[in-house]
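Asker: The structure follows.
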Amino acid sequence: MEDSRGLRLREKGVNAVSILLVSFVLYTCATGPFEGIIHRAVFIAILVVLGVFMFPLWSGSRLRPLGILVDAGMTSVTLFACGYVIANYELIMGSLGNLPMATTQDIVLTVCLVVVILEISRRAIGLIFPSIVLVILLYALFGEYVPGRLGHRGFDIYFLTETLLLSDLGIWGMLTGVAATIIAAFTVFGSVLMNTGGGRTFIDIAMRLGGRAPGGGAKIATIASGLFGMVSGSAVANVATTGNFTIPLMKRLGYPSAMAGGTEAIASTGGQLAPPIMGAAAFIMAEIIGVDYVRIMIAAALPAFLFYMGVFMTIHVLATEGNLGSVPDEEVPKWKAILGWRRTLPIGTALAALFFGILNGNSVTTAAFYGTLGALITFPLASIKTRSDLHAALRELNNGFIDSAKGLLIIGVLLAGAQIMVSAINTTGLGVTLSTLIVSLGGKNLFLITLIVAVVCMIMGMGIPTTAAYVLVAAVLAPAMINIGIAPLVSHMFVFYYATLSVVTPPVCIAVFVGAGIAEAPWGETAKYALKLGAVTYVIPFMFIMYPGMLAQEGLIAFLNALVSGVVFVLACANLFGGMKIFRSHVLNAVPWLAIAILAAIPRLDTTAVAIVLTIGLYLLRKRSRAALVQVDEN
């Protein structure tokens, strides 16, 4: 068993390495990154050291002494391998296109480094993702033994070593580079923002905006989880963070436990679809497609708005039909307290500095550095009244650094592992092969091909964090859509949405599992509520294809057309799944809204116009039926 002295030493190690990692990120954001492979090697080296401190092997068991030896060996081999790559930087970069011959030492270092990265990712995020990476590596080595069209000639260990270690196509590739620069900068910015008052302020704003409305508890969860999720890299972490506040609140207000857990799960998942971070996928998508990051944010804005509108309106219908409670007035914070200068100064300064950097033409990493620096400077100034306040402020900042480091560790090893996987997929041509199979299976039917891609995306994304799920489906499935003429941006947003939805899609719906655990509810019932509230999201990606304006393409008219049709579609789905009662028959209540949803999804002005007229008519009927019920009650 690990004694208290060992625990204290480990805590000090986590703290020291976290400060080192955040300092490295902030320094390189301010001055510019090192040379590509050098920067990424330093980043991976620090991450591995942090990983063995944060997730020690066999902690708390009798095998811990052996675990210490294993952790020390992992750290040593990683530092040596990264130092080796840094020392041979000029040789490696000078040989690109004609890779240097791998030696036995190179092979050993490659195998050890890959094992370490996969082991740290196993400790941090679970077994599923590293298992997928390992299977694809084995496929690259032994593809000649795979029968049928998926087989290939196979690659020996020397070629894989040259690709993975001695080039910028493997471990040190684009995904690792994005993790070490743009994603690292915004992860630090988001964590510091949360720990300098942003977290509490987001919850208070959510309570103020939605708390007193019908279904106030669920609306608080939706708003708060959306705000958290916009700067968070994980839907599961978002559920665990905000859910510990929102789920007990909903249960206290009389919500079914399953509904409380399902609401939090779907709302947290939506945060991964909303700009600016999009679970870190926005930066990766920009690199893969070759467009500006701001273009990705603009494209994602309308779909994210429709998602949250769908969740919010479905909650509203469920609340009005089921008389779900709202938060008592005395528990809702006042705007004066929320917007006090001591709370808003760090947040306002951070956001202002961030946008100043972007508008000033600086890189997004430099802009994120400005925002982080603004929060770091103003938070102590706004918090200090006494010496104890100073100590408390410094503790909060230190917690922000540790949270930043943990987020960077998870995302960093995830993307390093994903880079290994993508490198193997590209080397073997697996992505092209699967794309060809999907196209041949779907024939020339656009709907059938996209439906197959959607289902496969959700299956491939199950049990994997948002970022890794997107990377996997982008490498394997997005090419299938591009091959049939769908624009790259549309293709990548399409697969990203369905990969993200896998965290709430049974049977491996990890966000639902976490929400159900906090709510103490059966996960199956919790999943039903999550699917009901998020049902509209399973159709929105198909509207990307039918309505180019949905992703802000083809001008203002196309955008307005997509906006109007999308809003009508979302309202119809909310009333359908929320169970709005107009007539006595369940069928008569459901059929009109289903018809409106279908009409709104069809990209024609006449069908949209009919859908709008029908929607207005049904709302008028609903108003009359409620007025009649009130009159009956009064009599």
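Asker: Within region 439-448, is there a residue that is within 30 Å of ARG122 (Cα to Cα), assigned to a helix (DSSP H, G or I) and out of contact with any strand residue (DSSP E or B) (no Cβ under 7 Å at 6 or more places or on another chain)? Lay out the reasoning, then the answer.
Answerer: Applying the first criterion (within 30 Å of ARG122 (Cα to Cα)) to region 439-448 yields none.
The answer is no, given that none of the residues of region 439-448 is within 30 Å of ARG122 (Cα to Cα), assigned to a helix (DSSP H, G or I) and out of contact with any strand residue (DSSP E or B) (no Cβ under 7 Å at 6 or more places or on another chain).
Asker: Conditions: (1) modelled with pLDDT of 90 or more; (2) more than 21 Å from THR365 (Cα to Cα). THR28 meets all but one. Number of the miss?
Answerer: (2)
Asker: Find all pairs meeting these conditions: Cβ atoms under 9 angstrom apart; at least six residues apart or on different chains; first residue within region 81-106 and of a type in the set (A, V, I, L, M, F, W, C) and loosely packed, with under 12 Cβ neighbours inside 10 Å; second residue assigned to a helix (DSSP H, G or I) and at pLDDT 80 or above.
Answerer: Within 9 Å, the pairs are MET101/TYR158; MET101/GLU162.
Asker: Here's something else I'd like to know. If you go through region 200-218 one residue at a time, do you hit one that is polar (S, T, N, Q), surrounded by fewer than 24 Cβ atoms within 10 Å (Cβ to Cβ) and in contact (Cβ under 8 Å) with a residue 12 or more places away in the chain?
Answerer: So far as region 200-218 goes, yes, one or more of its residues are polar (S, T, N, Q), surrounded by fewer than 24 Cβ atoms within 10 Å (Cβ to Cβ) and in contact (Cβ under 8 Å) with a residue 12 or more places away in the chain.
Asker: Right, something else. Within the group THR427, THR436, which residue is in contact with a helix residue (DSSP H, G or I) (Cβ under 7 Å, 6 or more places away or on another chain) and assigned to a helix (DSSP H, G or I)?
Answerer: Going through THR427, THR436 in turn, the sole match is THR427.
Asker: Next question, about the same structure. Let me confirm something: among THR201, THR242, which residue is under 27 Å from TYR497 (Cβ atoms) and either at pLDDT below 75 or of a type outside the set (D, E, K, R) (or both)?
Answerer: Within the list THR201, THR242, the selection yields THR242.
Asker: Same structure again: Looking at region 210-220 only, could you name the residues that are in a helix (DSSP H, G or I) and either in contact with a Lys or Arg (Cβ under 6 Å, 6 or more places away or on another chain) or at pLDDT below 80 (or both)?
Answerer: First, pick out the residues of region 210-220 that are in a helix (DSSP H, G or I): 210, 216-220.
Answer for region 210-220, where residues must be in a helix (DSSP H, G or I) and either in contact with a Lys or Arg (Cβ under 6 Å, 6 or more places away or on another chain) or at pLDDT below 80 (or both): GLY210, GLY216, GLY217.
Asker: Inspect region 227-245 for any residue being within 24 Å of GLY463 (Cα to Cα), over 18 Å from the mean Cα position of the chain (by Cα) and hydrophobic (A, V, I, L, M, F, W, C) and give the result as yes or no.
Answerer: There is no residue in region 227-245 that is within 24 Å of GLY463 (Cα to Cα), over 18 Å from the mean Cα position of the chain (by Cα) and hydrophobic (A, V, I, L, M, F, W, C).
Asker: Same structure, new question: Every residue in region 299-326 that is under 17 Å from the mean Cα position of the chain (by Cα) and surrounded by fewer than 18 Cβ atoms within 10 Å (Cβ to Cβ), please.
Answerer: Result: ALA301, PHE305.
Asker: How many of the residues making up region 583-601 are over 23 Å from MET259 (Cβ atoms) and surrounded by fewer than 19 Cβ atoms within 10 Å (Cβ to Cβ)?
Answerer: 8
Asker: Given ILE46, ILE19, which one is within 25 Å of the chain's Cα centre (by Cα) and either surrounded by fewer than 17 Cβ atoms within 10 Å (Cβ to Cβ) or not in a helix (DSSP H, G or I) (or both)?
Answerer: The conditions single out ILE19.
Asker: Looking only at helices (runs of 4 or more DSSP H) that lie completely in region 245-326, which have at least 2 residues being over 27 Å from ILE518 (Cα atoms) and either in contact (Cβ under 8 Å) with a residue 60 or more places away in the chain or among the acidic types (Asp, Glu) (or both)?
Answerer: 281-289, 293-322
Asker: Give the number of residues within region 602-617 that are modelled with pLDDT of 90 or more and either under 27 Å from THR263 (Cβ atoms) or not in a helix (DSSP H, G or I) (or both).
Answerer: Result for region 602-617: 1.
Asker: Another question, if that's okay. ARG5: more than 22 Å from PHE129 (Cα to Cα) and assigned to a loop (DSSP other than H, G, I, E, B), yes or no?
Answerer: No; evaluated as a whole, the condition is false for this residue.
Asker: Looking at (1) among the small types (Gly, Ala, Ser); (2) over 24 Å from the mean Cα position of the chain (by Cα); (3) under 27 Å from VAL291 (Cβ atoms), find the lone condition where ALA552 falls short.
Answerer: (2)
Asker: Kindly evaluate GLY173 against the criterion of being within 19 Å of GLY348 (Cα to Cα), assigned by TED's automatic domain parsing to the domain that holds PRO346, modelled with pLDDT of 80 or more and surrounded by 24 or more Cβ atoms within 10 Å (Cβ to Cβ). Spell out how you get there, then give the answer.
Answerer: Numbers: within 19 Å of GLY348 (Cα to Cα): no; assigned by TED's automatic domain parsing to the domain that holds PRO346: yes; modelled with pLDDT of 80 or more: yes; surrounded by 24 or more Cβ atoms within 10 Å (Cβ to Cβ): yes.
No: the conditions fail for GLY173.
Asker: Got at least one residue in region 354-366 being aliphatic (A, V, I, L, M) and buried (at least 20 other Cβ atoms within 10 Å of the Cβ)?
Answerer: yes
Asker: Report the residue count in region 462-520 for those that are among the hydrophobic types (A, V, I, L, M, F, W, C), surrounded by fewer than 22 Cβ atoms within 10 Å (Cβ to Cβ) and assigned to a loop (DSSP other than H, G, I, E, B).
Answerer: So the count comes out to 5.
The values are calculated or read from the model by the stated rules, or taken from the named source; none is laboratory data. Computed from a predicted model, the values in this text were never measured in an experiment. With ideal geometry, Cβ positions are generated from the backbone for all residues, glycine too; neighbour counts draw on all protein chains shown.
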